[in-house]
Amino acid sequence: MPAFFIQYIGGITIKDLRINDEIRASQVRLIDEQGNQVGITSLKEAQDMADDRNLDLVLMSPNAKPPVTRIMDYGKFKYDQEKKEKENKKKQKNAQLKETRFSLNIEDNDLQTKANQTKKFLNNGDKVKVSIRFRGRELGRKEPGYELMDKFNGMLDGCGKIEKKPKMEGRSLVMFLEPNDEKGE
């Protein structure tokens, strides 16, 4: 039987620890409600101390020798854990990877349109993969591709910074851009 249970509440994972009568060790290392280490005691003594204070005995570290238990208000502890999980979930920003693709023979107006779309992606906090596809004889001279990447990067007006410099991957020249810190937050 596991030392803890996993419970899903509103899309949040909460780890349920063993408490009170669910603990199966004969001796435990006890920590009181202030966080002070009491020492190694029998499970019955630890449970009696928790009962005297109207608190729960919670198994914090089941794999330790002897297992570590703590006296606490388990309901309050669980509530605080849920609150922290929700707060951490709010702070997360799910950045996506968008892609802008064009060929070596792109016209200036089309390149400007691609640059404007890439600016929108970067201002939304997304990372962008810019790739130029080479065909046939174009593979013989890659310098125009690097020049086009530099020109494209100049059109972005500093909306993003280069995460990975342009590099050949198969038949494509690929560059990764990430949003600037002040724009991405």
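The values are calculated or read from the model by the stated rules, or taken from the named source; none is laboratory data. Keep in mind it's a predicted model, so treat the numbers as computed, not measured. Please note: Cβ atoms are built from the backbone with ideal geometry, for glycine as well, and neighbour counts cover all protein chains shown. Surface areas here come from the heavy atoms of the whole protein model, side chains and all, with no ligands, DNA or RNA. Shrake-Rupley method; radii C 1.70, N 1.55, O 1.52, S 1.80 Å.
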Does PHE121 count as open to solvent by less than 70 Å² (accessible area, probe 1.4 Å), part of a strand (DSSP E or B), in contact with a strand residue (DSSP E or B) (Cβ under 6 Å, 6 or more places away or on another chain) and among the aromatic types (Phe, Trp, Tyr)?
no
Looking at GLU147, GLU163, which is the one that is in the same structural domain as ASN109 (by the TED database), in a helix (DSSP H, G or I) and at pLDDT 85 or above?
GLU147
How many residues does segment 116-138 hold that are over 11 Å from LEU177 (Cβ atoms) and of a type outside the set (Val, Ile, Thr)?
13
Matching option when the condition is basic (Lys, Arg) and at pLDDT below 85, among LYS76, LYS90, LYS84, LYS120:
LYS90
Across segment 113-149, what is the total count of residues that are more than 24 Å from the chain's Cα centre (by Cα), closer than 17 Å to GLU99 by Cα and without any contact (Cβ under 8 Å) to a residue 40 or more places away in the chain?
7
For segment 17-75, name all the residues that are surrounded by fewer than 19 Cβ atoms within 10 Å (Cβ to Cβ) and of a type in the set (Lys, Arg).
ARG24, LYS44, ARG53, LYS65
By residue number, the members of segment 109-118 that are surrounded by fewer than 19 Cβ atoms within 10 Å (Cβ to Cβ) and either under 13 Å from MET149 (Cα atoms) or not acidic (Asp, Glu) (or both) are ASN109, LEU111, GLN112, THR113, LYS114, ASN116, GLN117
Do any residues in segment 72-84 that are within 19 Å of GLN37 (Cα to Cα) have Cβ atoms under 7 Å from those of residues that are open to solvent by 50 Å² or more (accessible area, probe 1.4 Å), where the two are at least six apart or on different chains, and which pairs are they?
MET72/GLU33
